[in-house]
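Quick notes on the structure that follows.
The values are calculated or read from the model by the stated rules, or taken from the named source; none is laboratory data. Just so we're clear, the structure is a prediction, and the values are computed from it rather than from any experiment. No Cβ is skipped: glycine too gets one built from the backbone with ideal geometry, and neighbour counts run over all protein chains shown. Note: areas computed on protein heavy atoms with side chains; ligands, DNA, RNA excluded. Shrake-Rupley method; radii C 1.70, N 1.55, O 1.52, S 1.80 Å.
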Amino acid sequence: MIDFKESQGSVLDEKREKAFLEHLYNSIPAAIAITSTSGIISMINREFTNLFGFTSEEAVNNNINDLVVPDDLKEEAIRIDSLASMNNKEVRQTLRKDKFGNKIHVSLVAASIVIDNEIVAHLFIYRDITTERKNQLLQEILFNISTAALKQYDIKEICPIIVHELSKIWDTNNFFIALYDKTSETLSLPFFADEKDSFYEIPITKTITGWVIKQNKSVLLKENDLKILEEAGDIDLVGTPCKVWIGVPLRIESNIIGVMCLQDYHDENKFSQDDLSVMDFIANQIAIVIQRRMILDNLILATQKVEESALTKQLFMSTMSHEIRTPLNEVIGLTNLLIQGNPREDQMEYIKTLKFSGNHLLTLVNDVLDYNKMDSGKIVFEQTQFNLSDFLEEIMRSYSFRSKAKHLSFDIKKASNLPDEVIGDPTRLNQILSNLLSNALKFTNQGSITVLIKELERTGNQSKMEFTVTDTGIGIPKNMHSLIFDRFAQASQDTTRRFGGTGLGLAICKKLIELQGGTITVESEPKKGSTFRFVISLGVSEKGSQTQTAESPEDYTGLEGKRILVAEDNKINFFVANRFLIGWGITVTHAENGQLALDILEREDFDLILMDLHMPIMDGIEATRIIRNSENPKIRNIPIVALTAAIMSESYDEIDDLNINDYVLKPFNPHDLFERIRKHIK
Ligand code: ADP
């Protein structure tokens, strides 16, 4: 025992004091060793024996560093000693070893005992912080596992991370997670680490894992326990027998979805009941993570399904519309020809009805295509200059006639300060107004239809304009006001039966307006009428008129003797076009695809090409590209007017830089075709 400074009391007092001190050391819940300045142990307390396994006899007179410091930490221990001598006290967390060589995480206090300015001894106090550290580590591990699981998509990717994390506290050479499929009674091993065996898919029958699932509880089984279970017929031991086996169920609510297992082939004391509790805790966390993942996956899957079905629907609608449009174009084209051919009066009635129905059907088909295009964001708005008065006059012309037929008065009123020349997309503006006017016509049986245009604001060269279309028709109940702008929505169930229509018109208007940064609203009362109001910005042009004023449609002169190459694969479309062109005195040459058109161009001269964009072998886009890159200036500069099924049906990205002079929509309006040819022909 240490030689304390002689006290002044009697021998009895001294004894009592010693006993008192001894009692004190031994009741302190920390391991204490007192050494000489050179590290020779003179005293340890009871807790020291508990922690390191050395009895007092085994410890005293040995060097403390030889006794409890692991080899690789010897240098550090010497440093701690000298720091303690200098500063009187040094505190740190480090590793020490016990009598059996097991490493112990300790919090160490090394202090010098100084009497009369002289260091007479060293005091070492150790506190076992293994559990603390393990808990700290566990927190860290759980955090890392949760984070990883949220980031990774697949359990296969999460498993290696779990193993890596768990390896911080256990030897995870033989670790696996088995996912349990209740219906097929099988276990799948999305991840398996085993130094001896490898399984990837196993039936549950008689496996230890299966047994855990049946027991529905966590187990720690040693070699002998496993043998007993095998003898009782509960399990069949396959593969290499292990010394100790831990299995904890992964549960979601009360259902077992798998088992997390850890085994050791060498030491049956490798894992304790404490480890089992920790595994249990981690399993709970992992189960939550897997559940979260599953919910997320199901959600993603459900969303994907919804998206896919929407896409399939869109694709189906587009394909059907395209398919319907080709024969429809032919019908309308032929109807146009019939009208030109001076039919009898009674026949004219039928032909006109045929034309009206054909056009109506075409509008519907184009609407569907248009809507799908807009829905998928593939719409580009033109920015062309046009004369607003001419534009409105054109509308006036077509709707005053139709209004008269229904004995309705029709008027377009425009404010006096409106700009003359504006920049925007006339086709789309026409489409919006036509939709609103067609509805007004459709739903009004007496009274009037009025279009009002005024300028709300002018900033720089932008004019914010308000268009209102007012009718005195059947009106719309208030609760339907916002719904009618949804696609396929109609104000009442019998609308289609009574008035026709698909419920797409207003949805298209709204899309077209909003995509151009505008708004549309409705005010309406049943039986009183409706007012549709939309606001849209148009550019204001300083330049004079660029629009060519259309001459009387009957005046089809000026193209006589011109040579036009028509590249068109559809026989009926060509037949119709050819009839009109010949009628206007044009010499027509036919090419059935882009390649043939190129061949003919090499041999003959033409004033213009009418080019269908969709053709077999070589389409019009490719043919135009080759023509525009030709070395021969005669070929390179030839005007090309594209024939296209609908303004929206081609990919704008592709044809934007092709230098096509103009477009004619199929089925072509003869007047339109004539005007476009005349505009571009030299
Ligand atoms: P559609 O006219 O093809 O049915 P719309 O989208 O153009 O489709 O219109 C949707 C619905 O809004 C119509 O079915 C009708 O019930 C109502 N509606 C639209 N315009 C008017 C109007 N001017 N007067 C009365 N109801 C209208």
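Among the residues here, Gln273 does not qualify as closer than 21 Å to Val163 by Cα and within 29 Å of the chain's Cα centre (by Cα).
Once segment 428-458 is narrowed to residues that are in a loop (DSSP other than H, G, I, E, B) and in contact (Cβ under 8 Å) with a residue 60 or more places away in the chain, the residue that is farthest from the ligand (Cβ to nearest atom) is Gly447. When you check Tyr399 against the structure, is it in contact with a Lys or Arg (Cβ under 8 Å, 6 or more places away or on another chain), surrounded by 13 or more Cβ atoms within 10 Å (Cβ to Cβ) and in a helix (DSSP H, G or I), yes or no? For Tyr399, the condition - in contact with a Lys or Arg (Cβ under 8 Å, 6 or more places away or on another chain), surrounded by 13 or more Cβ atoms within 10 Å (Cβ to Cβ) and in a helix (DSSP H, G or I) - is not met. Right, Lys414: open to solvent by 60 Å² or more (accessible area, probe 1.4 Å) and at pLDDT 90 or above or not? In short, yes. Considering only residues in segment 603-636 that are within 24 Å of Ile572 (Cβ to Cβ) and not aliphatic (A, V, I, L, M), the one that is most open to solvent (accessible area, probe 1.4 Å) turns out to be His614. Restricting segment 31-67 to residues that are open to solvent by 10 Å² or more (accessible area, probe 1.4 Å) and under 60 Å from the mean Cα position of the chain (by Cα) leaves a set whose member that is nearest to Phe124 (Cα to Cα) is Leu51. Within segment 461-497, the set of residues being surrounded by fewer than 16 Cβ atoms within 10 Å (Cβ to Cβ), part of a loop (DSSP other than H, G, I, E, B) and modelled with pLDDT of 70 or more comprises Asn461, Pro477, His481, Ser482, Asp486.
Taking segment 402-427 as the range and being among the polar types (S, T, N, Q) and either assigned to a helix (DSSP H, G or I) or under 21 Å from Ser530 (Cα atoms) (or both) as the test, the residues that pass are Ser403, Ser409, Thr427. The condition (being within 16 Å of the ligand (Cβ to nearest atom) and at pLDDT 85 or above) is satisfied by just one residue among Gly529, Gly500: Gly529.
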